[in-house]
Amino acid sequence: MKYVGLDWAYRTAQWCALDPGGEIAGEGRFAADRDGLARLVLELGDEVTACLEMMSGALWVRDELVACGWQVQVADARKVKTVAPLAAKTDKVDARLLAELCRRQLVPALWLPSLGDRELRERLRRRMHLVRLRTSAKGRIFGLQTQWGIRISLRRLRRADGMTLLERAGMPAVWRHSISECLALIDFLDARIVPLDAELRPFAQADPRAVLLDTIPGVAELLALTIAVEIGEISRFAGPEKLVSYGRLAPRVRQSGEGRPHTGPLNKSGSRLLGWAAVEAAQQAWRESNPWHQLYTDVSRRSRNHNSAKAAVARKILIAAWHMLSRNEPFKPAPRTGATSVPASSRLALAA
């Protein structure tokens, strides 16, 4: 048995193999492509346990090596630094470190979704990308109108006489052309988002997790599917605060000794798509019927920033999602002030 550490890069990769006693059995570099992996497998054989850090392409490398008979783990790069901080960081040192962690069975391995889940995630991320581009185009139209003191709804502008309305309102031709381009872009994106939504709806209706999450106010079926797929197995998260952190919605906390802890910007490690979906669902918190409307109003008034309010509600949505998936229960809002109290065991704990 050999224990191999792989430090993968864009063009070349470094490898190091250790024997069971910890002695170096071989090391070197190879081309970071399918042919390079094939040569490495031919050189080391199939009785190999390997490890590589998570990065772009890591899952493909893992799949290729597993198909050749290797046992492969993908390590959390941040936790690797915590387990074994390095005084000198080079490709050769990294490969040796990963091989040693593999030999000692200390690899901080990541949970990896199946190929089917990865395909579904890619569809959802494609949709997120298109929706964000469409939102950006809508925002630019609004900004261009404010430069000339005009406020015409997007729906009205998309009619045949939309540009005529802008001309009558006094907007010069250059700005009208910019708005026309944005409207054409929105039409182009709509033509791709609509069939993609139709393709994803059957997945949402067939996924029991998505059906459960769809009961959260503001979370429609596609957002529910997005949240469910990005979470994966809820048992991965020991508590709701772990899920909030994974959604990149938890502020960084810094503390030294007995000093007072200080919060900083939001943590940037985790799933960007999960955080985006939670914030999208939080957009509906301005409605009085929404269970987090009071929170949204209070944070907006205190911070004078709607984005902070949306982030606060998004955190509550992920907390609710954790409780719902852990207990396999639909959404049940906590009673509002003045309402008859309900036993805690029969409702979700929405406050953290």
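From the list P195, P251, P240, which one is surrounded by fewer than 18 Cβ atoms within 10 Å (Cβ to Cβ), over 22 Å from R126 (Cα atoms) and not β-branched (V, I, T)?
Selected residue: P251, the only one of P195, P251, P240 that is surrounded by fewer than 18 Cβ atoms within 10 Å (Cβ to Cβ), over 22 Å from R126 (Cα atoms) and not β-branched (V, I, T).
Do the conditions hold for R78, that is, is it at pLDDT below 95, under 30 Å from E280 (Cβ atoms), assigned to a helix (DSSP H, G or I) and among the charged types (D, E, K, R)? So that I can check it myself, show each step before the final result.
On the way: at pLDDT below 95: yes; under 30 Å from E280 (Cβ atoms): yes; assigned to a helix (DSSP H, G or I): yes; among the charged types (D, E, K, R): yes.
Against the criterion (at pLDDT below 95, under 30 Å from E280 (Cβ atoms), assigned to a helix (DSSP H, G or I) and among the charged types (D, E, K, R)), R78 qualifies.
So in the range 1-55, with the set limited to residues that are under 21 Å from R78 (Cα atoms) and not in a strand (DSSP E or B), which one is modelled with the highest pLDDT?
Checking each candidate, the answer is W8.
When the residues of the range 86-100 are filtered to those that are touching a strand residue (DSSP E or B) at 6+ places or on another chain (Cβ under 6 Å) and open to solvent by less than 70 Å² (accessible area, probe 1.4 Å), which remaining residue is farthest from A17 (Cα to Cα)?
Checking each candidate, the answer is D91.
Could you tell me how many of the residues in the range 147-185 are in a helix (DSSP H, G or I) and of a type outside the set (K, R)?
20
Residue check: is T215 of a type in the set (S, T, N, Q) and over 14 Å from the mean Cα position of the chain (by Cα)?
Criteria met by T215.
Please go through the range 60-85 and give me each residue that is in contact with a strand residue (DSSP E or B) (Cβ under 7 Å, 6 or more places away or on another chain) and in contact (Cβ under 8 Å) with a residue 12 or more places away in the chain, ordered by number.
The answer is V61, R62, L65, W70, Q71, V72, Q73, V74, A75, A77, V80.
When the range 133-144 is examined, which residues are found to be in contact (Cβ under 8 Å) with a residue 24 or more places away in the chain and either of a type in the set (A, V, I, L, M, F, W, C) or open to solvent by 60 Å² or more (accessible area, probe 1.4 Å) (or both)?
Of the range 133-144, the ones in contact (Cβ under 8 Å) with a residue 24 or more places away in the chain are 133-134, 137-138, 140-141, 144.
Listed by number, the residues that qualify are L133, A137, K138, R140, I141, L144.
What number of residues within the range 237-251 are within 17 Å of K268 (Cβ to Cβ) and either in contact with a Gly (Cβ under 7 Å, 6 or more places away or on another chain) or of a type in the set (G, A, S) (or both)?
Looking only at that region, the number is 7.
Would you call R29 open to solvent by 30 Å² or more (accessible area, probe 1.4 Å), among the basic types (K, R) and touching a Leu at 6+ places or on another chain (Cβ under 7 Å)?
So R29 does not fit the description; no.
Name the residues in the range 106-122 that are surrounded by fewer than 16 Cβ atoms within 10 Å (Cβ to Cβ), in a helix (DSSP H, G or I) and touching a residue at least 40 places away in the same chain (Cβ under 8 Å), would you?
L115, D117, R118
Between R34, R11, which is basic (K, R) and out of contact with any strand residue (DSSP E or B) (no Cβ under 9 Å at 6 or more places or on another chain)?
That would be R34, the only listed residue that is basic (K, R) and out of contact with any strand residue (DSSP E or B) (no Cβ under 9 Å at 6 or more places or on another chain).
Within the range 287-303, how many residues turn out to be open to solvent by 60 Å² or more (accessible area, probe 1.4 Å) and farther than 20 Å from A250 by Cα?
Count: 5.
Just checking, does the range 145-152 include any residue being of a type outside the set (S, T, N, Q), open to solvent by less than 40 Å² (accessible area, probe 1.4 Å) and closer than 30 Å to A228 by Cβ?
No, every residue in the range 145-152 fails to be of a type outside the set (S, T, N, Q), open to solvent by less than 40 Å² (accessible area, probe 1.4 Å) and closer than 30 Å to A228 by Cβ.
The values are calculated or read from the model by the stated rules, or taken from the named source; none is laboratory data. In this text, all values refer to a predicted model and were calculated from it rather than measured experimentally. Note that each Cβ is placed from the backbone with ideal geometry, even for glycine, and that neighbours are counted across all protein chains shown. All accessible areas refer to the heavy atoms of the entire protein, side chains included, with ligands and DNA or RNA removed. Shrake-Rupley method; radii C 1.70, N 1.55, O 1.52, S 1.80 Å.
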